[in-house]
1. Check whether at least one residue in the stretch A:145-159 is within 14 Å of residue B:46 (Cβ to Cβ), touching a residue at least 12 places away in the same chain (Cβ under 8 Å) and surrounded by fewer than 18 Cβ atoms within 10 Å (Cβ to Cβ), and report yes or no.
2. With the requirement that a residue be more than 10 Å from every other protein chain (Cβ to nearest Cβ) and under 30 Å from residue A:139 (Cα atoms), what does the stretch B:59-77 give you?
3. Condition test on residue B:80, is it open to solvent by less than 70 Å² (accessible area, probe 1.4 Å), at the interface with another protein chain (Cβ under 7 Å from one of its Cβ atoms) and either assigned to a helix (DSSP H, G or I) or in contact with a Lys or Arg (Cβ under 9 Å, 6 or more places away or on another chain) (or both)?
4. If residue A:107 meets every condition in (1) in the same structural domain as residue A:21 (by the TED database); (2) modelled with pLDDT of 90 or more apart from one, which number is that one?
5. Taking only pairs six or more apart or across chains, which ones have beta-carbon atoms under 6 Å, a first residue in the stretch B:1-21 that is touching a residue at least 12 places away in the same chain (Cβ under 8 Å), and a second residue that is β-branched (Val, Ile, Thr) and assigned to a helix (DSSP H, G or I)?
6. Testing residue A:18 on (1) charged (D, E, K, R); (2) under 18 Å from residue B:64 (Cβ atoms); (3) modelled with pLDDT of 90 or more, one condition comes back false. Which one is that?
7. Quick check on the stretch A:131-139. Is at least one of its residues assigned to a loop (DSSP other than H, G, I, E, B), more than 10 Å from chain B (Cβ to nearest Cβ), free of Cβ contacts under 8 Å to residues at least 60 places away in the same chain and of a type in the set (Ser, Thr, Tyr)?
8. If a residue counts only when it is without any contact (Cβ under 8 Å) to a residue 40 or more places away in the chain and of a type in the set (Gly, Ala, Ser), which helices (runs of 4 or more DSSP H) contained entirely in the stretch A:41-126 have at least 3 such residues?
Amino acid sequence: MECIQLKEGISVQPEAAREKVFEALYKKAFPGVARFVSKMNGTLEDSSDIFQDALVIYYEKSQDESFVLQTSTEAYILGIAKHLWIRKFTRDRMRISLDSTEINITLPNDYVPTINTNQLLKFIEQSGRKCMELLHTFYYEKVSMKEIAGRFGFITERSATVQKFKCLEKVRDKIKEKSIAYEDFIE
Amino acid sequence: MRTSLNDIALAEKYLLGKLEPEETLVFEARLLTNPVLRWNVAAQKKVYSVLKLYHRKKLKKEVQVVHQTIFNDAKHQDFKQEILQLFK
């Protein structure tokens with residue numbers, strides 16, 4: 001079975017600190033990406049779109065313990081942006097030169113979600129928002145169970161832990177409800 | 001915890017590759033003989049994919065807020081001009 005990447009034990013910045021990081025990266029790396037997109041005859045909107053995805057991918061990669069940046073941050077983000085551009089406009093592939101570092105950059109293979117995953121998320125966001133928030137806080141904000149208990153109004157850590165599993169069950173059952181066939185899970 | 005929740009906890013460890021080899025064997029044997037469990041685990045795996053998408057969407061929203069700030073705040077005027085210049 002394919003391994004699921006849920007990283008544990010890596011410090012994650014809270015949203016406010018992340019905003020500062022994103023702002024700094026915008027200043028540093030957006031001009032290069034915008035220049036590239038403009039050269040490819042893209043619009044400002046194209047460049048913002050590609051850059052925003054590149055930033056999310058970069059951020060995600062940088063959270064990985066094994067990630068080693070072998071070039072400058074802005075060069076790396078530009079590399080991701082080039083790959084995103086190639087993925088979007090295959091016809092431009094021959095026009096884009098990738099240097100040796102850029103060639104080795106990979107995009108997460110699940111970055112473009114399947115229609116199925118997208119629809120499931122929409123459905124779950126409507127009907128199970130609180131559970132999604134709790135699960136997100138636990139898996140992605142790396143907040144301790146003690147703090148989760150406080151934030152979500154549970155008296156003990158223990159009851160927060162039980163609630164986490166109840167939420168997994170609730171969301172899982174919603175997914176089952178929406179998936180008529182087992183095949184829906186095979187992507 | 002009730003049994004169904006214990007199975008969820010177990011399935012999580014299984015999906016994350018955190019079970020001991022012998023526990024994995026036992027769990028896989030149960031998967032083979034128990035179609036309901038199999039379906040539950042497949043759906044639970046999907047929960048994590050959906051959660052990851054949820055996370056990425058949240059991050060992208062945060063990035064978009066930063067974009068708005070930079071492009072609307074007078075403080076970043078020079079930067080904005082530098083970018084706009086590229087698309088003239």
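The values are calculated or read from the model by the stated rules, or taken from the named source; none is laboratory data. Source: prediction; values computed, not measured. Every residue, glycine among them, receives a Cβ derived from its backbone with ideal geometry; neighbour counts consider all protein chains shown. Accessible surface areas use protein heavy atoms only, side chains included; no ligands, DNA or RNA. Shrake-Rupley method; radii C 1.70, N 1.55, O 1.52, S 1.80 Å.
1. To start, the set of residues in the stretch A:145-159 that are within 14 Å of residue B:46 (Cβ to Cβ) comprises none.
No, the stretch A:145-159 contains no residue that is within 14 Å of residue B:46 (Cβ to Cβ), touching a residue at least 12 places away in the same chain (Cβ under 8 Å) and surrounded by fewer than 18 Cβ atoms within 10 Å (Cβ to Cβ).
2. Across the stretch B:59-77, the qualifying residue is only B:68.
3. Numbers: open to solvent by less than 70 Å² (accessible area, probe 1.4 Å): yes; at the interface with another protein chain (Cβ under 7 Å from one of its Cβ atoms): no; either assigned to a helix (DSSP H, G or I) or in contact with a Lys or Arg (Cβ under 9 Å, 6 or more places away or on another chain) (or both): yes.
So residue B:80 fails the test.
4. Failing condition for residue A:107: (1).
5. B:11/B:41
6. It is condition (3) that residue A:18 fails.
7. Initially, the stretch A:131-139 is screened for residues assigned to a loop (DSSP other than H, G, I, E, B), giving none.
No, the stretch A:131-139 contains no residue that is assigned to a loop (DSSP other than H, G, I, E, B), more than 10 Å from chain B (Cβ to nearest Cβ), free of Cβ contacts under 8 Å to residues at least 60 places away in the same chain and of a type in the set (Ser, Thr, Tyr).
8. Working: elements: A:44-62, A:73-88, A:100-103.
So the answer is A:44-62.
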